[in-house]
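The block underneath contains the structure these notes are about, expressed in structure tokens.
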Amino acid sequence: MKLQAESSPIMDRNPNLNPFCDILELIFRKGIRQPVLGLKRRDYWHLLEQLAHHHSCGELIQLTVALEKTIANKKTLTPQGQGRYFIRLALNQKSLATTIRHLLHTPKLSEFGVSFRMSNFLLYTEPFLSLLLVVSQMNFALDLEAVFAQVCELYETVPCRDLGMALRYVEKRIFVSEVIAGSQAEADGCVLAGDIIDEINGISTRNAQKGQAQSVLQKLRGKPLCFRLIRWKCHDGSIYRPLVPHLQVLQQDIPNFQLKYDNTLNEEKPEAIVQDGRFLYSLRYLGQVNIGTYGGKEVLDEGITKVLEQNHVPQEVLFDVKETEVISLKKDFSQVLFHHHYPEISSVGHRVDKRTLFAYCVADSPETPHTCSFICLVFETKSEKDADEIIMRIGECIRGWIYLIFFPTCAGTMSRMASSCAVIFYNYNYTSYKRGRGLSQ
């Protein structure tokens, strides 16, 4: 079995995952008798759902929790979707074998409202359970949101009146028909033409009526935004098959519509690691040092030099530049080492003589600005390009947040104006930031 040979956690990008889940569904559907009139088609989820109401199921806490979580999930609109969600959840929890074993020991299944030919199924019980026991030894790390699409991603951004996305409603789904050149959305590089907006700040946009997105955004005006996107393309670059008819409609309505490929954050980037649809940088964390009560860019070189003189053993980390903060994780995703929101970061930059070394300064106690000092954290990238990209992204996010602070009611009226104003007020804020502490210029 190819999945068994995997040494690392099995994630959604694994090419053997979907065929494996398809086979599981075929086995689960084996022996289900459909109603004579066929008014309501039965699926394997109808059988699993009844276990939550069975008196002996309470003895199996993990199974009960998985069933209740699936039932409570409002995003699964069909029995097939609920069944697929449960399978992925059970794979993560290593509870599929327990589920089948409980089914086999449940008497009078017909009383649950689902006719099931156990005689056909029992012929394959032992080999199937043996297979599931092997599966329970595997380490699955599946994104439960991916049950709704091949690739789901989160796009977080600061409030912006004009994000620069043209929307089109097709079959009650909201498609991005165009990302405007020079807009905030293009600068962030997360949204592609052809993607679906599935949620806005947790508000579902499925079965959307025309104008619903604008209505939701109007209510959220002045707040940070978080979009859940369904990508039009799979991990292998092919078009996600269920979207093909919808994309054809878009092509007919908009003759110049073209699917947009991501040229900056693509799957072939060798230094990037994927987690939940986000690309993380693989870095070496060299250490940190307190550099006093001044955290401007002028002290970055001094901070890097002091850290290098400490000769600490470098630590391999994953670095995530999000829209609201930066996060450093252990290489195995087991622990968040530290995270800093952009208002806490006072400067970022790299060494001139070795551009793969970069650092940023943060206040150690931003809640007491008159007494706080600054810490310089130093990292090493595998290429100068990665260092430049990280510094540029952090700088853009800092400017965006400072613009939001100065213009909370009209943030992002126009992307280009926002960018230029942010630079001006960032410099002004930086000067007053130092003077507010009585520091020398």
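Over the stretch 184-245, what relative contact order in percent results from Cα pairs under 8 Å that are six or more residues apart?
After rounding, I find 37 percent.
Take peptides 310-321, 375-386 and line them up by average Cβ neighbours within 10 Å, highest first, as a rough protection proxy.
375-386, 310-321
Mind giving me the FRET efficiency for GLU156 and ARG101? R0 is 56 Å, r the Cβ-Cβ distance, nearest 0.05 is fine.
E between GLU156 and ARG101, to the nearest 0.05, is 0.85.
Over the stretch 274-405, what relative contact order in percent results from Cα pairs under 8 Å that are six or more residues apart?
Computed value for the stretch 274-405: 29 percent relative contact order.
Note down the net charge around ASN207, summing +1 for each Lys or Arg and -1 for each Asp or Glu among other residues with Cβ under 10 Å from its Cβ.
+2
So what are the ³J(HN,Hα) numbers for the stretch 372-389, from phi and the Karplus equation (6.51, -1.76, 1.60; θ = phi - 60°), rounded to whole Hz, Gly and Pro as x?
The phi angles translate into 7, 10, 10, 10, 9, 9, 10, 10, 10, 9, 8, 7, 5, 4, 5, 4, 4, 5 Hz.
Readers should treat all values here as calculations from the given coordinates under stated rules, not as data from a laboratory. From a predicted model like this one, the values you see are computed outputs, not experimental measurements. Neighbour counts run over all protein chains shown; Cβ positions are idealised from the backbone, glycine included.
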